[in-house]
Amino acid sequence: MEAQRARGVPRRKALVAIAAGSAVCALGGGAALTAATSEETGGRPAGTDGPDVGQPDPNAVAAVLANRARAVRDRDRTAFMATVAAAPAPYRQAQAAMFDNLLKLPLEGWRERFERVVSTTGGAALVQTTVGYRLRGHDDDPLRRTRHLAFAPRSGTWTITGDGTSRGRTDDPEIWDGGPLTVVRGRTALVAGDAPGLAGIARRLDAAVPTVARLTGAAAVRGWRDRVVALVPGDDRRAGALAGGDRDLAEIAALATVAPTSGGPGADRIVIAPGVFGRLNDLGRDVVLTHELTHVATGGARDGRTPLWLIEGFADHVGYHGRDVAVRSAARELAREVAAGRLPAALPGRAAFDGASGRLSQSYQEAWLACRMIAERYGEARLVRLYRTAGRRSETAALREVLGVSPARFTAGWRDYLRRELR
């Protein structure tokens, strides 16, 4: 089967490195705010009206948050809804839907913690909180999410009356914020979302795990236990939000969001854009999911030193490994350029993998063929060793140590390989 049919549409992705201490796929906290903060407006967020209610009692707020967390852990819907009994009906309905979704997830260690008061105007105090949780069997350490709750004084205490939406505050998005959640558990995969086809995704990921584990070998992050969590929201727009920064996933089928080293290997997620993913055929879906699973297994080279051509090329090498795909078809866009006499002069740099580069597909193809060449000429073990070494040493030093060549000689050999394989 041809690789062009396998892909269907360009399925390129970005590797999202989230700052330490934040949850995977976070929107960046304060940096993503759409309204001025209380500090910038003399204590009044832009666009708010109403009296200043003063500072809420921290103990009262903490007690409400503790009750909410206990209700989630105890799976007590009545107790949870009691914490929002004074809120408007639409907000209560949204909270009820969220709670029902939470019950479907294998949650452990759910906590809601008071962080700070954002503002006290508009008839309520807007409070920033941190939600911490783990998915049982997948997360080693808690993931932390920034959320906002509005508290108002009622009958001598403080009670929840809404969130921060009207104040321009956005919560870190989560899969439970969408429609009715479905959770599918495979042998090693957990797939959650409100899109169709989750069972098929779980089967594909389960099938890919042995190949990824075998080929990544020593390149796999320490502590990765052949497990993966995939999030499949109901539409591509929400997938972009979950992937971080409201990404435009018009041509991206899936992304691996990689947590920092301190977050532990279990904190990684694969986010799938259902619209784009749905346009791929069976082979294309297998290749995409295996590619992203490779990022999860290897930690997406969290070191910040490994060249991006090696990170993405290695993931594509694993994705295509053992599949009956013609090279010229898999690298169709690059093959056209080479046939026209436009041979790349150098391996793709980091900027080449930006969505605005204009040659995104070609950049991935160049990277894949570089890793394919290494595996053919030096063996799979050397490719894995190069991947590991490049995370500790410079690209030049890694090439010399592992392959015994200079960057110039490697590039020349790669260009000859492209010419031979694609013409």
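The values are calculated or read from the model by the stated rules, or taken from the named source; none is laboratory data. What you see is a predicted model; the values in this text were computed from it and never measured. Here the Cβ positions follow ideal geometry from the backbone for every residue, glycine too, while neighbour counts run over all protein chains shown. For accessibility, only protein heavy atoms count, side chains too; no ligands or nucleic acids. Shrake-Rupley method; radii C 1.70, N 1.55, O 1.52, S 1.80 Å.
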**Asked** So is Arg136 open to solvent by 30 Å² or more (accessible area, probe 1.4 Å) and either touching a Gly at 6+ places or on another chain (Cβ under 8 Å) or at positive phi (or both) or not?
**Response** no
Taking the range 193-227 and keeping residues farther than 18 Å from Tyr387 by Cβ and assigned to a loop (DSSP other than H, G, I, E, B) leaves Asp194, Ala195, Pro196, Gly197, Arg225, Asp226, Arg227
Selection from the range 386-409 of residues without any contact (Cβ under 8 Å) to a residue 12 or more places away in the chain and outside any loop (DSSP other than H, G, I, E, B) yields Thr396, Ala397, Arg400, Ala408, Arg409
Of the candidates Ala202, Ala152, Ala208, Ala189, the one satisfying the condition of being open to solvent by less than 40 Å² (accessible area, probe 1.4 Å) and touching a Phe, Trp or Tyr at 6+ places or on another chain (Cβ under 9 Å) is Ala152
Of (1) within 15 Å of Ala367 (Cα to Cα); (2) small (Gly, Ala, Ser); (3) more than 28 Å from the chain's Cα centre (by Cα), Ala331 fails just (3)
Exactly one of Ala345, Ala301, Ala315, Ala331 is surrounded by fewer than 18 Cβ atoms within 10 Å (Cβ to Cβ) and not basic (Lys, Arg), and that residue is Ala345
Of the listed residues (Ala335, Ala345, Ala370), the one being in contact with a Gly (Cβ under 9 Å, 6 or more places away or on another chain) and more than 21 Å from Ile252 (Cβ to Cβ) is Ala370
If we keep only residues of the range 375-423 that are of a type in the set (Asp, Glu) and open to solvent by 70 Å² or more (accessible area, probe 1.4 Å), then the residue farthest from Ala335 (Cα to Cα) is Glu401
For this session: Please indicate, with yes or no, whether at least one residue in the range 85-95 is open to solvent by less than 20 Å² (accessible area, probe 1.4 Å) and free of Cβ contacts under 8 Å to residues at least 24 places away in the same chain.
Result: yes
Residue pairs qualifying under the 9 Å Cβ cut-off, at least six apart or on distinct chains, with the first in the range 349-378 being over 16 Å from Arg419 (Cα atoms) and touching a residue at least 40 places away in the same chain (Cβ under 8 Å) and the second being surrounded by fewer than 22 Cβ atoms within 10 Å (Cβ to Cβ) and among the aromatic types (Phe, Trp, Tyr), are Leu360/Phe353; Tyr364/Phe353
Ala152 vs (1) over 16 Å from the mean Cα position of the chain (by Cα); (2) under 17 Å from Ile270 (Cβ atoms); (3) not charged (D, E, K, R): all pass except (2)
Cβ pairs under 7 Å, 6+ apart or interchain, first in the range 62-84 and at negative phi and of a type outside the set (S, T, N, Q), second open to solvent by less than 70 Å² (accessible area, probe 1.4 Å) and part of a loop (DSSP other than H, G, I, E, B), ordered by first then second residue, are Val64/Thr83; Arg68/Thr83
Going through the range 96-109 in order, the residues found to be in contact with a strand residue (DSSP E or B) (Cβ under 6 Å, 6 or more places away or on another chain), open to solvent by 40 Å² or more (accessible area, probe 1.4 Å) and not basic (Lys, Arg) are Glu108
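Can Phe80 be described as among the aromatic types (Phe, Trp, Tyr) and open to solvent by 40 Å² or more (accessible area, probe 1.4 Å)?
The answer is no for Phe80.
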